[in-house]
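Here is the structure we will look at.
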Amino acid sequence: MNQPIRYTISRENDVLILHFSEQTRFDSTDFRQVLQNDLNDGDNAKCQHVIIDCSGMKYTNSLFVEAVLRIAAEMKKRDGSFCLCGLEPFVRDLVHVTQLDHRWTIYDDRAAAMAALEKASS
């Protein structure tokens, strides 16, 4: 049985942090709408930057890539930015094979991503 994509959202100043959870499968059931609702919920709608933290996520598939593409498009509409961090080897390979590592900034961990965003904002 498939599980919905699970993630948590937190905020630091004007940066949304989406931490995707480890799971065995991804299911498209309503995730697109849930993700859009979360990005546009209350103060989240004012955030111009997103960090997608993949630490601990050892497996993913094209549905995750679709989620990241949607987030990237939303941040572009907001004249903001986003980045990935904490990519485990399988996820890093997927991003590399799809050549998305040429489009997206990738940091080793959340602290490095946050420092880069703070430096770019100042």
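The values are calculated or read from the model by the stated rules, or taken from the named source; none is laboratory data. For clarity, every value in this text was computed on a predicted model and none was experimentally measured. Because the Cβ atoms are built from the backbone with ideal geometry, glycine has one as well, and the counts that use them run over all protein chains shown. Ligands, DNA and RNA are excluded from the accessible area calculation, which covers all protein heavy atoms including side chains. Shrake-Rupley method; radii C 1.70, N 1.55, O 1.52, S 1.80 Å.
Kindly indicate whether S55 is without any contact (Cβ under 8 Å) to a residue 40 or more places away in the chain, of a type in the set (S, T, Y), open to solvent by 30 Å² or more (accessible area, probe 1.4 Å) and on the phi < 0 side of the Ramachandran plot.
In short, no.
I'm trying to understand the selection: among the residues of segment 27-57, which are part of a helix (DSSP H, G or I), of a type outside the set (S, T, N, Q) and modelled with pLDDT of 85 or more?
Result: D38, L39, G42, D43, A45, K46.
Take the residues of segment 63-103 that are within 14 Å of the chain's Cα centre (by Cα) and of a type in the set (K, R): which is modelled with the lowest pLDDT?
Applying the filter and picking the extreme gives R70.
Among T24, T60, T8, which is among the β-branched types (V, I, T), farther than 22 Å from L117 by Cα and either within 13 Å of the chain's Cα centre (by Cα) or at pLDDT 90 or above (or both)?
T60
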